[in-house]
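The values are calculated or read from the model by the stated rules, or taken from the named source; none is laboratory data. Keep in mind that this is a model prediction, so the values were computed, not measured. Here the Cβ is made from the backbone with ideal geometry for all residues, glycine too, and neighbour counts use every protein chain on show.
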Amino acid sequence: MTNIDQIETILDLSHPPQKVWHAITTPEGLNQWFGNRVTMSLEEGSPILFEWDEYGQAGGVIQTVDPMNIFAYRWRANGIPETVAMNETNSTLVTFELTPTPAGTQLRVLETGFATLDPELRERAFRENTNGWATELEELVAYLSGQPV
């Protein structure tokens, strides 16, 4: 693959920004749809750890907290141990942007930085994360709507 750098999804949600914000920025919300366990404190520079029973862990650092607007974190590419310091060749940046709409909230999910990953990580990370976001965001929509996830 060439020129892969980002995964972008835009969701038009019929839920207020406060509800969406809670779902994407709190352990209580994230644990319902994103992985099996999330450990975090909602502060810039704080560590964040996602755990999936099937896939293992992905750790990172919270980059941006702009309440009701932007939440972003940098996380390690799959297979990079927690003991290895994150940098642009082994991690990507995930950004959630909320925009209020008359019907609720538009949520833009953007993961960038695949082009700077080490070549041996790039294609697999892009493919796995593309599939992962499709599944996880379906679960977010279900969770926000009160459906079983």
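A residue that is in a strand (DSSP E or B), in contact (Cβ under 8 Å) with a residue 40 or more places away in the chain and under 22 Å from residue 72 (Cβ atoms) occurs nowhere in the stretch 121-143. Please indicate, with yes or no, whether at least one residue in the stretch 105-115 is at pLDDT below 95 and among the basic types (Lys, Arg). There is no residue in the stretch 105-115 that is at pLDDT below 95 and among the basic types (Lys, Arg).
In the stretch 8-23, of all residues being surrounded by fewer than 19 Cβ atoms within 10 Å (Cβ to Cβ) and β-branched (Val, Ile, Thr), the one that is nearest to the chain's Cα centre (by Cα) corresponds to 9. Among the residues making up the stretch 87-117, a single one is in a strand (DSSP E or B) and at positive phi: 104. Residues that are free of Cβ contacts under 8 Å to residues at least 12 places away in the same chain, surrounded by 13 or more Cβ atoms within 10 Å (Cβ to Cβ) and part of a loop (DSSP other than H, G, I, E, B) within the stretch 30-86 are absent altogether.
Taking the criterion of being aromatic (Phe, Trp, Tyr) and closer than 20 Å to residue 135 by Cβ, the residues of the stretch 1-41 that qualify are 33, 34.
Residue count for the stretch 84-114, restricted to those that are among the small types (Gly, Ala, Ser) and under 18 Å from the mean Cα position of the chain (by Cα): 2. Looking at 52, 75, just one residue is farther than 23 Å from residue 19 by Cα and modelled with pLDDT of 95 or more, and that residue is 75.
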